[in-house]
1. Given a Förster distance of 35 Å, report the FRET efficiency between Lys125 and Tyr60 from their Cβ-Cβ distance, rounded to the nearest 0.05.
2. Of the trypsin sites (Lys or Arg not before Pro) in the range 1-101, which ones lie in a loop per DSSP and count no more than 11 other C-beta atoms within 10 Å?
3. Which net charge results when you count Lys and Arg as +1 and Asp and Glu as -1 among the other residues whose beta-carbon is under 11 Å from that of Ile145?
4. Answer with one residue from Pro100, Ile83, Trp37: the one whose Cα lies farthest towards the positive end of the charge dipole of the range 36-129, charges on Cβ with Lys, Arg +1 and Asp, Glu -1.
5. What ranking of Glu59, Glu48 comes out by heavy-atom accessible area, probe 1.4 Å, highest first?
6. Run the dipole for the range 97-187 about the Cα centre, Lys and Arg Cβ at +1, Asp and Glu Cβ at -1, nothing else charged, and hand back the magnitude in debye, nearest 20.
7. Calculate the length of the line joining the C-alpha centroid of the range 23-53 to that of the range 135-170, in whole Å.
8. Anyone know which of Leu173, Leu42, Leu103 comes out most mobile in the 10 Å Cα GNM of the chain?
Amino acid sequence: MASLLQENLFETHAQAPAPSKDFYQLIVTRTEVIFRWWKISLRSEFREAKPGELKESHEYFLDDPSLQIQIAVVFGANILEHIFNLCRGNFDFLERLPDPLLLYIISFLELEDIARLSQVSHRFKTICNSDTLWEKIVQNLCGAITAEMRALAQEVSWKQFFFTNKLQLQLQLRRRRKKQADSKKALTK
């Protein structure tokens, strides 16, 4: 499974907490943690400051509380916990799957599971609420999607289309047909 990993496992950047304007970058590769900083100041003592870089193996990082504290201050406790997991070899392979494959897998889940999965991360929330996913779900349940159904779903969203009961859908389809017929009559006059 480790062969599926890219060289860079994680990368982020941030500005230090106010009043500092310093800029930081954090990269976690397969073998090391790289912490970079740029001093940004109008004060004369820092004008000549060069960017800095600290590279540590995963093992050394896990035993370096001073770097851990710096990362927690700049990037937050959640990022620090994520870096700990990466350094310990706890990789989230599901998070690394491409969106089309995730959409395909999620489209076969039960609705309750999709609702729970949407609470896992921002990425999963976006995927679980996407029109592409709900179109796949409707297609899995209905088999064939007519052009009229597709047009209505694009007006109201596929998720809304899925959760609308059959009577309301029929009413909306009738209204849509009537509106199209009225607009055709208006054009012919």
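The values are calculated or read from the model by the stated rules, or taken from the named source; none is laboratory data. The shown structure was predicted, so the numbers you read here are calculated from the model rather than taken from an experiment. Cβ coordinates were reconstructed from backbone atoms using ideal geometry, including for glycine residues, and neighbour counts include every protein chain displayed. Side chains included, ligands, DNA and RNA excluded: accessible areas come from the protein's heavy atoms. Shrake-Rupley method; radii C 1.70, N 1.55, O 1.52, S 1.80 Å.
1. 0.45
2. Answer in residue order: Arg43, Arg88.
3. 0
4. Trp37
5. Glu48, Glu59
6. Numbers: 15 positive and 9 negative charges, 137 e Å.
Using Cβ point charges on Lys, Arg, Asp and Glu, the range 97-187 gives about 660 debye.
7. The distance from the Cα centre of the range 23-53 to that of the range 135-170 comes to 52 Å.
8. Top of the fluctuation ranking is Leu42.
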